[in-house]
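Let me begin by presenting the structure, written as structure tokens, before commenting on it.
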Amino acid sequence: MKAIYSSLAMAALAFAACDDDSFNDWSVPQANPDSTEDQRVAVTFAAKAAPAVDFANLDEDVDTLVTVFAPELTSKGADADTVEYAVILGNTEDEVTATPEGQVRTADLRAAIERDFGKAPTERTVSATIVAYSHFGSVVSRHTADLNIVATLSAPVIEKEYYLYGTAQGWSKVDKSLKFTRADESVNIYDDPIFTLTITASVDTADKRIDEWFKIAPLSAFTADDFDAACLGSTTDGDKSLKVNLVNKDAKAMCQPATDGALRYRFTLDMMNYTLTVEPISFTEWIYVPGNGQNNWKPETAPALHSPAMDGVYKGFAYLDGEFKFTKERNWNAEYNKTNFAEFPENFAGAAAADNSNIACSKAGVYFLEIDVANGVFKATLIEGFGLIGPAQAGGWDADTDMTFDVAKCTYSWTGDLNAGEIKIRANDAWDISLGNSFDDLSYTGGNMMIEEAGNYTITFSPLITSGTKITAKVTKN
């Protein structure tokens, strides 16, 4: 098939794009008037659309061709030395190569459909301009004809819902608690066929890790006559691969052994390609900062740092004064200490004594910590103060209203008049560290919050998470 293209003079495709931007019914052949450069030879060009294209019937290798039009070029006075064809597909001005038989690469047609319509296997009508370049000696003239190409992409069956079926939910054929989700459920499922689910690794009654066995259950399995037969899995029983090509016939259960040390598993389903990727996660979602600060070396009430992606990167606030460590749980069973970090930021260092694994902070205060335990990276920003910013306070978006710090309670507070309007909390009179979203759930770089009614207010919050999972602020109208 590749030889077809070797005869095409690609330089001709650099000529101007379609002169006529209108598109008409595909069943009516269209023709342009003779080119002015070619008055000595009368040229007539038209093109008819080929039958509808169904990608399910095609071999979509890169050089596979599909017929999309039938050219009709005639000349009076002399035959063209050569004629070359191109097609402008859909919402673009770019030309793609076509053969004299009216064929284009399936990859080009698919790309045009996906660009303009998405990947859904729905019948599409693609507007097209067929371009013919006729060569009469040194004269090259360009002729165009407009038509519509009707085509339907092929795609695997993708259901709207998938569930994990296995050890984690007791191999229950009715339990749909472990549901995969998509990033944006409003997006067409063929344009975003990626489903994800993160679970806690299974343990036995003695809280000891056990092997994680599983299949994937589509929604239809729960009403199928044979639940197991309707599930997706591997061709190999007990497949321990981290990436599996899924099958829906005689599917076997997959397994992640307890010996992999995972605390959690993140599953990613790519249903366009029918693959499952398993990511064992050995990092906890939270770590804690016991030390000489206000919590007095008690992990149970130590400030918490969060890793939403559970990738070993943790962020959060802590009041530090002297030595401290990080623990993986609210106990001393496992920790990160000075040996886990290659270097430390300003005001920080490993404790001086060779046998002391604590981390030392030379300047007391509230810090915003960014801890990457996977790569041994330690970042810390001293909080000089928090302030209110936004139209609800006197300075608008240009100047903060400073809050007062209570070191004993590790809280920031302010009382005064506020307007109805937007407001946020930020640190150090800068946007590097800001809190927003809602007063009931303050998050880093969260959106603007609202003061609904003007009045005199007291706002108090602590950036430390010593219990629960959220930073919250108390807003009281006086």
Original post:
Restricting attention to region 435-457, and to residues there that are free of Cβ contacts under 8 Å to residues at least 12 places away in the same chain and among the polar types (S, T, N, Q), which single residue is least open to solvent (accessible area, probe 1.4 Å)?
Top reply: SER438
Original post:
Quick check: is even one residue across region 354-370 open to solvent by less than 40 Å² (accessible area, probe 1.4 Å), under 36 Å from the mean Cα position of the chain (by Cα) and not hydrophobic (A, V, I, L, M, F, W, C)?
Top reply: yes
Original post:
Could you count how many residues in region 320-346 are touching a residue at least 40 places away in the same chain (Cβ under 8 Å) and outside any loop (DSSP other than H, G, I, E, B)?
Top reply: 8
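Given the criteria more than 26 Å from MET310 (Cα to Cα) and either aliphatic (A, V, I, L, M) or in a loop (DSSP other than H, G, I, E, B) (or both), does ASP250 qualify? So that I can check it myself, show each step before the final result.
Working: more than 26 Å from MET310 (Cα to Cα): yes; either aliphatic (A, V, I, L, M) or in a loop (DSSP other than H, G, I, E, B) (or both): yes.
Yes, satisfied.
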**OP:** Given the conditions (1) touching a residue at least 40 places away in the same chain (Cβ under 8 Å); (2) crowded, with 20+ Cβ neighbours inside 10 Å, report the number of the one that PRO257 does not fulfil.
**Re:** (2)
**OP:** Spot the failing condition for PRO100; the list is (1) open to solvent by 40 Å² or more (accessible area, probe 1.4 Å); (2) touching a residue at least 40 places away in the same chain (Cβ under 8 Å), and only one is missed.
**Re:** (2)
Original post:
Across region 191-209, what is the total count of residues that are part of a strand (DSSP E or B), surrounded by fewer than 21 Cβ atoms within 10 Å (Cβ to Cβ) and under 30 Å from the mean Cα position of the chain (by Cα)?
Top reply: 6
Original post:
Do we have any residue at all in region 64-83 that's at positive phi and surrounded by 15 or more Cβ atoms within 10 Å (Cβ to Cβ)?
Top reply: no
**OP:** Could you please find all residues in region 111-139 being touching a Lys or Arg at 6+ places or on another chain (Cβ under 9 Å), buried (at least 18 other Cβ atoms within 10 Å of the Cβ) and part of a strand (DSSP E or B)?
**Re:** VAL131, ALA132, TYR133, SER134, PHE136
**OP:** Check off (1) surrounded by fewer than 19 Cβ atoms within 10 Å (Cβ to Cβ); (2) in contact with a strand residue (DSSP E or B) (Cβ under 7 Å, 6 or more places away or on another chain) for VAL187 and give me the number that stays unchecked.
**Re:** (2)
**OP:** Within region 76-96, count every residue that is in contact (Cβ under 8 Å) with a residue 40 or more places away in the chain and either among the hydrophobic types (A, V, I, L, M, F, W, C) or under 16 Å from SER138 (Cβ atoms) (or both).
**Re:** 10
**OP:** Give the residue, chosen from PHE317, PHE378, that is assigned to a strand (DSSP E or B), of a type outside the set (D, E, K, R), without any contact (Cβ under 8 Å) to a residue 40 or more places away in the chain and farther than 30 Å from PRO218 by Cα.
**Re:** PHE378
Original post:
Counting only residues that are β-branched (Val, Ile, Thr), assigned to a strand (DSSP E or B) and closer than 24 Å to PHE344 by Cβ, which one in region 268-314 is most open to solvent (accessible area, probe 1.4 Å)?
Top reply: VAL313
Original post:
Can you name the residue in region 467-478 that is touching a residue at least 24 places away in the same chain (Cβ under 8 Å), among the polar types (S, T, N, Q) and touching a strand residue (DSSP E or B) at 6+ places or on another chain (Cβ under 7 Å) and is also most open to solvent (accessible area, probe 1.4 Å) among such residues?
Top reply: ASN478
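I'd like the residue in region 210-240 that is of a type in the set (Ser, Thr, Tyr) and free of Cβ contacts under 8 Å to residues at least 24 places away in the same chain and, out of all such residues, is most open to solvent (accessible area, probe 1.4 Å). It would help to see each step written out before you state the result.
Taking region 210-240 and keeping what is of a type in the set (Ser, Thr, Tyr), we get 220, 223, 234-236.
Checking which are free of Cβ contacts under 8 Å to residues at least 24 places away in the same chain leaves us with 223, 234-236.
On the way: THR223: 119, SER234: 2, THR235: 99, THR236: 74 Å².
Ranking the qualifying residues of region 210-240, first place goes to THR223.
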Original post:
Can you list the strands (runs of 3 or more DSSP E) found entirely within region 47-110 that contain at least 1 residues being under 21 Å from GLU123 (Cα atoms)?
Top reply: 65-67, 69-76, 82-89, 103-105
Original post:
What is the one condition in (1) within 24 Å of ARG115 (Cβ to Cβ); (2) open to solvent by 60 Å² or more (accessible area, probe 1.4 Å); (3) of a type in the set (A, V, I, L, M); (4) at pLDDT 95 or above that VAL157 does not satisfy?
Top reply: (4)
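The values are calculated or read from the model by the stated rules, or taken from the named source; none is laboratory data. Note that this is a predicted model, so its numbers are computed, not measured. Cβ: placed from backbone, ideal geometry, glycine included. Neighbour counts: every protein chain shown. SASA here: full protein model, heavy atoms, side chains in, ligands and nucleic acids out. Shrake-Rupley method; radii C 1.70, N 1.55, O 1.52, S 1.80 Å.
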